[in-house]
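**Q** The structure follows.
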Amino acid sequence: METDRVVLDFFLVNATLGADYKLRVEINGEQSFAIDHWQPYFIAGLPLGENKVKLTTFDRKAMVKGVNIPVERAFILRGDVVF
């Protein structure tokens, strides 16, 4: 089914992931993991219905302050179609 895996892709401006910056990815307020390099990621096992992904940028000390930090997006999985 096309909803088995959802692609998470992103682009940072004025920051490079790696030694200095990392992203915390939070899925539906439950699962959380860190990303330290830029590439598309697959999210598997999401339930049908509304889902939310929150991205927060961190430097070595704390959350980076900015207009779009953190950023959260909601999307709906319905059968074989993503809205």
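**Q** So is Gly66 of a type in the set (Gly, Ala, Ser), in contact with an Asp or Glu (Cβ under 8 Å, 6 or more places away or on another chain) and surrounded by 10 or more Cβ atoms within 10 Å (Cβ to Cβ) or not?
**A** no
**Q** Residues being under 11 Å from Thr57 (Cα atoms), of a type in the set (A, V, I, L, M, F, W, C), surrounded by 13 or more Cβ atoms within 10 Å (Cβ to Cβ) and within 12 Å of the chain's Cα centre (by Cα): count how many of those fall in the range 13-45.
**A** 3
**Q** Report, by residue number, each residue of the range 1-12 that is under 14 Å from the mean Cα position of the chain (by Cα) and either among the aliphatic types (A, V, I, L, M) or surrounded by 11 or more Cβ atoms within 10 Å (Cβ to Cβ) (or both). Full working, then the answer.
**A** Our first condition is that a residue be under 14 Å from the mean Cα position of the chain (by Cα); within the range 1-12, this holds for 5-12.
Arg5, Val6, Val7, Leu8, Phe10, Leu12 - these are the residues of the range 1-12 that are under 14 Å from the mean Cα position of the chain (by Cα) and either among the aliphatic types (A, V, I, L, M) or surrounded by 11 or more Cβ atoms within 10 Å (Cβ to Cβ) (or both).
**Q** Now, a different point. For the range 16-40, give me the residue count where each residue is touching an Asp or Glu at 6+ places or on another chain (Cβ under 9 Å) and among the small types (Gly, Ala, Ser).
**A** Residues that pass the stated criteria total 3.
**Q** Where in the chain are there strands (runs of 3 or more DSSP E), lying fully within it, with 1 or more residues that are at negative phi and of a type in the set (Ser, Thr, Tyr)?
**A** In the chain, the matching strands (runs of 3 or more DSSP E) lie at 31-35, 41-44, 49-58.
Read-outs throughout are calculated quantities, based only on the coordinates presented, and are distinct from any laboratory measurement. Bear in mind that the values here come from a model prediction, so they are computed numbers and not experimental data. Positions of Cβ are backbone-derived with ideal geometry, glycine not excepted, and every protein chain shown enters the neighbour counts.
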